1. How far, in degrees from 0 to 90, does helix 75-87 lean away from the longest principal axis of the Cα atoms of the chain, to the nearest 10?
2. When the accessible area of the chain is split by element with a 1.4 Å probe, what percent falls to carbon and sulfur?
3. Answer with one residue from 144, 166, 61: the one whose Cα lies farthest towards the positive end of the charge dipole of segment 58-170, charges on Cβ with Lys, Arg +1 and Asp, Glu -1.
4. Accessible area, 1.4 Å probe, largest first: how do 79, 69, 39 sort?
5. At q = 0.13, 0.19, 0.20 Å⁻¹, what is the base-10 log of I(q)/I(0) for segment 144-273 according to the Debye formula with one equal point scatterer per Cα and no solvent? Please give it to two decimals.
6. Between rounded, prolate and oblate, where does segment 196-287 land on the alpha carbon gyration tensor, with a ≥ b ≥ c its root eigenvalues, rounded for a/c under 1.5, else prolate if a/b exceeds b/c?
7. Largest first, what is the accessible-area ranking of 194, 276 with a 1.4 Å probe?
8. Taking the Cα atoms only, what angle lies between the long axis of helix 8-28 and the longest principal axis of the chain, rounded to 10 degrees?
Amino acid sequence: MVAVTLDGVATASAVKGELAERIRVLHDRGIRPGLGTLLVGDDPGSRAYVAGKHRDCAEVGIESIRVDLPESATQADVLAAIDDLNAAPEVTGYIVQLPLPKGLDEHAALEAIDPAKDADGLHPTNLGRLVLGIEGELHSPLPCTPAGIVEMLRRYDVPIAGRHVTVIGRGLTVGRPLGLLFTRKGLDATVTLTHSRTVDLAAEVRRADIVVAAVGVPHLVTADWVKPGAAVLDVGITRVEDPATGKGRLTGDVRPDVSEVAGFLSPNPGGVGPMTRAMLLSNVVKAAELLG
Ligand SMILES: Nc1nc2c(c(=O)[nH]1)N[C@@H](CN(C=O)c1ccc(C(=O)N[C@@H](CCC(=O)O)C(=O)O)cc1)CN2
């Protein structure tokens with residue numbers, strides 16, 4: 001068996017095409033969605049992700065507003081920048097790029113975001129709505145990576161209801177909200193949320209119909225852990241040095257030979273990452289659609 005590739009680049013491109021059309025309709029109604037980004041420090045990965053968000057906005061017709069603070073920024077500087085973004089009329093939604101440099105309080109930063117402008121769905125009010133299962137007219141943005149994972153599975157017709165999902169990693173942006181999302185009414189999966197103290201991780205993965213690896217341990221998930229036919233989504237990424245060339249190389253949490261056992265495989269790069277970016281645009285568009 002060779003797994004069907006869950007192609008995040010192609011799927012994100014389809015999502016962006018649909019969003020571009022909705023943005024044209026918003027422009028016709030005089031509404032101009034604008035995404036703000038707040039980047040603190042000079043972590044090269046975070047810089048690249050923020051640059052990507054601005055490129056995505058330009059591609060679909062969303063204005064974007066960039067605020068960069070130096071590595072030396074204090075908590076007060078961060079909170080002042082968040083206040084400015086809350087007040088800026090041209091910013092209809094914004095994100096604080098995570099992680100913040102050491103010594104800054106991420107939770108305080110997320111709590112300071114106006115929940116109505118929270119494009120990442122990470123404000124406690126919006127995470128609380130996810131816990132409560134509030135949907136519909138009261139638009140609650142979903143965290144972008146979990147939303148991207150579910151959107152990709154849906155578009156490839158991978159069954160979710162009644163299936164067993166094992167999530168590896170309990171981080172704020174992926175594992176924790178993903179567990180809540182998969183168990184929501186309408187998706188109806190059964191979820192095992194695993195972490196560094198899980199006793200027999202291989203056994204938890206073996207019983208899963210859907211595996212999401214979001215832990216940042218290179219090649220943790222091996223082919224003998226995977227139930228034949230399961231959908232495996234590789235989310236964690238680590239830069240490791242290639243011994244042959246001495247150069248840095250991005251490596252996911254899943255060994256490539258898992259593709260010989262799995263039914264579906266979302267690669268890394270090229271899988272969930274592009275969907276994360278597309279779902280951010282989708283959150284901005286949905287919020288703007290509620291403005292007029
Ligand atoms: N405020 C937030 N911070 C972070 C989030 C988030 O959703 N909100 N998620 C990650 C970083 N991230 C977006 O911010 C992100 C990560 C990866 C990708 C992506 O497209 N990756 C590519 C490969 C990347 C590469 O070549 O370096 C891929 O998977 O193909 C997009 C966005 C943490 N912080």
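1. Roughly 70 degrees between the two axes.
2. Working: 7240 of 13400 Å².
For the chain, the apolar C and S fraction of the accessible surface comes to 54 percent.
3. Highest projection toward the positive end goes to 166.
4. Ranking 79, 69, 39 by accessible area, largest first, yields 79, 69, 39.
5. So the normalised log intensities work out to -0.48, -1.02, -1.13.
6. oblate
7. On the way: 194 0, 276 35 Å².
Correct descending sequence by accessible area is 276, 194.
8. On a 0 to 90 degree scale, this one is about 20.
The values are calculated or read from the model by the stated rules, or taken from the named source; none is laboratory data. Remember, predicted model here, so these are calculated numbers, not experimental data. No Cβ is skipped: glycine too gets one built from the backbone with ideal geometry, and neighbour counts run over all protein chains shown. With ligands, DNA and RNA removed, areas are computed over all heavy atoms of the protein, side chains included. Shrake-Rupley method; radii C 1.70, N 1.55, O 1.52, S 1.80 Å.
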